[in-house]
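K.L.:
Here you go, one structure.
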Amino acid sequence: MADSSVTFADVEAAARRLEGIAHRTPVMTSRTADARADARLFFKCENLQRGGAFKFRGAYNAIATLTGDQRRHGVIAYSSGNHAQAVALAGRLQGVATTIVMPKDAPEAKVGATREYGGEIVFYDRYTESREEICAALARDRGLTIVPPYDHPQIIAGQGTAARELFEAVGELDILLVSLGGGGLLAGSALAARALSPGCRVIGVEPEAANDGQQSFRAGHVIRIPVPRSIADGALTTYIGASNFPIIRAWVHDIVTVSDRMLIDTMGFFAERMKLVVEPTGCLGAAAALSKRHHQPGQRIGVLLSGGNIDLPRYGELLRGGAGAVT
Ligand SMILES: *Cc1c(COP(=O)(O)O)cnc(C)c1O
């Protein structure tokens with residue numbers, strides 16, 4: 001079985017590598033949120049992680065497990081933003097040179113942060129060019145090792161450490177809601193849940209317009225979709241990874257969707273009530289919880305707030321709900 005390639009032991013090993021380096025992010029609660037969801041919600045604040053998203057966990061773990069030779073030559077990654085920042089930061093902390101392939105319409109905050117962390121940026125057009133091909137060509141020409149955003153055992157293991165910390169902090173849960181793009185966070189979270197809270201239902205949450213994961217989950221094989229449009233820019237992946245899918249198929253209980261409108265309402269809730277800046281993609285799980293569609297009253301629900309990186313002008317525009325806010 002393909003899922004034997006990553007196990008909870010790999011998540012534990014990643015947790016040891018990240019000890020004292022990644023933040024052990026806080027778990028926040030809110031009576032207002034609980035009342036709205038008619039449940040007990042535990043928000044794991046990966047928007048407060050280094051680099052502003054859980055992606056630092058996987059990136060650091062993947063670079064830490066490279067050979068000395070690979071580290072000397074440097075690494076390359078492609079990303080719409082958070083993985084880019086994470087690889088640039090993880091590379092800098094480990095003395096490894098990083099090259100990042102980014103879409104030219106990536107949010108300015110994410111481009112700027114990647115640059116600040118010392119990553120060399122190469123831009124491409126996400127609607128006409130293949131980032132995988134550009135990345136592969138650069139890797140070949142410059143002898144760089146590719147650190148993929150989700151389809152990699154050490155990335156999955158690293159991402160699983162967030163849910164592991166959540167279970168350690170709050171004990172067993174009835175449900176765990178996880179943002180889903182390419183499936184690194186969801187696969188890692190499922191491994192952690194299975195080991196630490198076997199009765200917990202693990203649910204992936206996607207934007208309505210980017211429901212390739214839901215389609216794939218129902219079909220039993222990976223389905224690819226055209227590049228979707230949603231304000232959740234961290235979940236605009238077109239298919240679930242080959243190493244991620246078997247784990248998701250085996251240990252995830254459902255994949256559900258939320259609308260961009262629900263993401264905006266949820267972002268506003270976090271800003272106003274909890275004083276938390278959460279980016280649209282980071283709101284996927286919480287929006288599903290607040291919709292009350294996927295749980296029973298009174299259940300204990302873990303929610304991974306996966307990231308908090310968003311340009312301030314864009315943030316203001318979305319919260320005002322002005323014309324063109326939802327694309
Ligand atoms: C990357 C990302 C996701 C999706 O993670 P995958 O591992 O690709 O499924 C969700 N939320 C945020 C904030 C992200 O940066």
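The values are calculated or read from the model by the stated rules, or taken from the named source; none is laboratory data. Only a predicted model underlies this, so the values are computations on that prediction, with no experimental measurement involved. Reconstructed Cβ throughout: ideal geometry from the backbone, glycine too, with neighbour counts over all protein chains shown.
K.L.:
Pick from region 273-293 the residues that are away from the ligand (no atom under 15 Å from the Cβ) and either of a type outside the set (Lys, Arg) or at negative phi (or both): which of them is nearest to the chain's Cα centre (by Cα)?
P.N.:
By that ranking, first place goes to 289.
Residue by residue, here is whether (1) of a type outside the set (Val, Ile, Thr); (2) more than 9 Å from the ligand (Cβ to nearest atom); (3) over 16 Å from residue 39 (Cβ atoms); (4) within 20 Å of the chain's Cα centre (by Cα) holds:
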position: 167; (1), (2), (3), (4): yes, yes, yes, yes
position: 170; (1), (2), (3), (4): no, yes, no, no
position: 174; (1), (2), (3), (4): yes, yes, no, no
position: 179; (1), (2), (3), (4): yes, no, yes, yes
position: 184; (1), (2), (3), (4): yes, no, yes, yes
position: 188; (1), (2), (3), (4): yes, no, yes, yes
position: 191; (1), (2), (3), (4): yes, yes, yes, yes
position: 194; (1), (2), (3), (4): yes, yes, yes, yes
position: 204; (1), (2), (3), (4): yes, no, yes, yes
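K.L.:
Follow-up. Filter region 295-312 down to the residues that are in a loop (DSSP other than H, G, I, E, B) and either touching a Cys at 6+ places or on another chain (Cβ under 7 Å) or surrounded by fewer than 18 Cβ atoms within 10 Å (Cβ to Cβ) (or both) and list them by number.
P.N.:
Within region 295-312, 296, 297, 298, 299, 311 meet the criteria.
K.L.:
Now a separate question. Which numbered condition in (1) under 15 Å from residue 208 (Cβ atoms); (2) among the β-branched types (Val, Ile, Thr); (3) at pLDDT 95 or above; (4) more than 17 Å from the chain's Cα centre (by Cα) is the only one that residue 301 fails?
P.N.:
(1)
K.L.:
Here is a further query. Run down 68, 74, 20, 58 and say which single residue is within 16 Å of the ligand (Cβ to nearest atom) and of a type outside the set (Lys, Arg).
P.N.:
58
K.L.:
Got at least one residue in region 127-138 being of a type in the set (Phe, Trp, Tyr), closer than 29 Å to residue 105 by Cα, within 10 Å of the ligand (Cβ to nearest atom) and in contact (Cβ under 8 Å) with a residue 12 or more places away in the chain?
P.N.:
no
K.L.:
For region 42-142, which helices (runs of 4 or more DSSP H) that fit wholly inside it have 1 or more residues that are of a type in the set (S, T, N, Q) and surrounded by fewer than 19 Cβ atoms within 10 Å (Cβ to Cβ)?
P.N.:
Answer list for region 42-142: 68-73.
K.L.:
Could you check how many residues of region 256-287 are in contact with an Asp or Glu (Cβ under 6 Å, 6 or more places away or on another chain) and of a type in the set (Gly, Ala, Ser)?
P.N.:
1
K.L.:
What's the number of the condition residue 210 fails, among (1) farther than 17 Å from residue 27 by Cβ; (2) at pLDDT 95 or above; (3) not aromatic (Phe, Trp, Tyr)?
P.N.:
Going through the list (1) farther than 17 Å from residue 27 by Cβ; (2) at pLDDT 95 or above; (3) not aromatic (Phe, Trp, Tyr), residue 210 breaks only (2).
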